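The values are calculated or read from the model by the stated rules, or taken from the named source; none is laboratory data. In this text, all values refer to a predicted model and were calculated from it rather than measured experimentally. As a convention, Cβ positions derive from the backbone with ideal geometry for all residues, glycine included, and neighbour counts pool all protein chains shown. Ligands, DNA and RNA are excluded from the accessible area calculation, which covers all protein heavy atoms including side chains. Shrake-Rupley method; radii C 1.70, N 1.55, O 1.52, S 1.80 Å.
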Amino acid sequence: GNQIPANRMIVSNKLILIVLLVVANTNLVYTHDQVDPFSVDKPAFGIGNNQVIQPSGYGDHHGPYPTNAWYSNALSVSNDIYPTEGTFPIATFPTLTRLTENGIDLCDPILHHTDKTFASIFTRDLSFNVDNIEKRYIKEYNDLYFKESWGKKLEATFVRGSPYVTLNVDGSIWLDFVYPVTKVNKDINGLDIVTDDQFYISTSDGKTWGMYFLNDKVTLNVTLDRLAITVVDDYVGMVRIAPVQNSGNKEILEKYKNNVVTSGTVQPDYANGKYVFEWKGHDENHKDIENVFVLGVAHHLKILDSSSANIVAPDMYKTVKGSMTGNN
């Protein structure tokens, strides 16, 4: 058919974009008492405020913005329906994370199952908080990586598949836990003081978190109820946090604690019918290095670790710990 002049195409795209923005900001709220959920009648909608994903969360970045990105919940804010900041968790894997006005909530998901379903559900294990931080926004992002900033005092880097959450801090740090802390490198009773540059913090529910301070040793002060820990002095530098499942996992986390991922991309390889996942990073001397990833959710990891699992037609993948076996 006839070609549309370029200038007309630009005008058309602008008009379409305006329409989409108008629709996106016209929020519709449906309440269950308005209609029988099994009715075939058209439901009644009212106008309300349920806008929880805000493009302002991209800070100085200009659109178009990614849609349905794995980190989209980083843009969630509180509103009339969801009054709690950080309501929606981010599936970083292997951890689940949630962003708050004070820092981040962390979850090492465990397997929840019934006779019909398996799920990894966000249940907060601990919170990493920094005093006097600013309103948060996404500072950098690409396919498998994003960096959240709360101003000069806190930035957090999340990489899909990396066991570490990486934080750059300039300020006063405090942690709070859902379950009482039982160990900080050793058994504790409350009001304990421990000084080191890496800590293994265990709680009464059986979970352990590795915490690595890469720039200096710090002193941790445990409260009497063992539900909170404060870093005695202000800290300036990088902190990395990761869940520790076993002793082998602990050794690997220590080995790669200085190796920081700075980007992650996914590129289609059309000629060979596959996608190429690529992560890039550097060590403390900013030299390119290998890194470690955990590409699985809680129930997948449990199945792979099970000696009774019946694995058929296996694919083999080279990993730090050897060959990983999994179903095609």
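Considered as a group, the residues in segment 184-230 that are among the basic types (Lys, Arg) and touching a residue at least 24 places away in the same chain (Cβ under 8 Å) include one that is nearest to Val244 (Cα to Cα), and that residue is Lys207. If the condition is being at pLDDT 95 or above and open to solvent by less than 60 Å² (accessible area, probe 1.4 Å), then segment 132-145 contributes only Ile133. Taking segment 171-181 as the range and being farther than 13 Å from Leu126 by Cβ and in a strand (DSSP E or B) as the test, only Gly171 passes.
Listed here are the residues, each with its yes/no results for (1) crowded, with 17+ Cβ neighbours inside 10 Å; (2) modelled with pLDDT of 70 or more.
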site	(1), (2)
Tyr30	no, no
Asp33	no, no
Val40	no, yes
Pro43	no, no
Thr67	no, yes
Glu85	no, no
Phe88	yes, yes
Arg98	yes, yes
Glu101	no, yes
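Restrict the check to segment 242-250 and report whether at least one residue is of a type outside the set (A, V, I, L, M), modelled with pLDDT under 95 and at positive phi. No. Note on segment 190-208: residues that are part of a strand (DSSP E or B), open to solvent by 20 Å² or more (accessible area, probe 1.4 Å) and of a type in the set (A, V, I, L, M, F, W, C) amount to 1. Of the residues that make up segment 166-189, is at least one open to solvent by less than 30 Å² (accessible area, probe 1.4 Å), at pLDDT below 95 and either over 21 Å from the mean Cα position of the chain (by Cα) or over 23 Å from Pro94 (Cβ atoms) (or both)? For segment 166-189, residues open to solvent by less than 30 Å² (accessible area, probe 1.4 Å), at pLDDT below 95 and either over 21 Å from the mean Cα position of the chain (by Cα) or over 23 Å from Pro94 (Cβ atoms) (or both): present.
Inspection of segment 153-162 finds a residue satisfying the criterion of being modelled with pLDDT under 95, of a type outside the set (A, V, I, L, M, F, W, C) and either part of a strand (DSSP E or B) or open to solvent by less than 30 Å² (accessible area, probe 1.4 Å) (or both).
Summed over segment 185-216, residues that are charged (D, E, K, R), more than 19 Å from Asp283 (Cα to Cα) and in contact with a strand residue (DSSP E or B) (Cβ under 6 Å, 6 or more places away or on another chain) total 1.
A Cβ distance below 6 Å, combined with a sequence gap of six or more or placement on separate chains, defines the contacts here; from segment 110-122, residues that are part of a strand (DSSP E or B) reach residues that are of a type in the set (Val, Ile, Thr) in the pairs His112/Ile121; Ser120/Val297. Looking at segment 209-223, which of the residues that are within 21 Å of the chain's Cα centre (by Cα) and open to solvent by less than 30 Å² (accessible area, probe 1.4 Å) is nearest to Thr182 (Cα to Cα)? Residue satisfying both the conditions and the ranking: Trp209.
Got at least one residue in segment 83-95 being under 29 Å from Gln267 (Cβ atoms) and part of a strand (DSSP E or B)? There is at least one residue in segment 83-95 that is under 29 Å from Gln267 (Cβ atoms) and part of a strand (DSSP E or B). Applying a threshold of 6 Å to beta carbon distances and a minimum spacing of six or more residues, or different chains, the list of pairs starting in segment 265-291 at a residue that is within 19 Å of Met238 (Cβ to Cβ) and ending at one that is modelled with pLDDT of 75 or more and of a type in the set (Lys, Arg) is empty.
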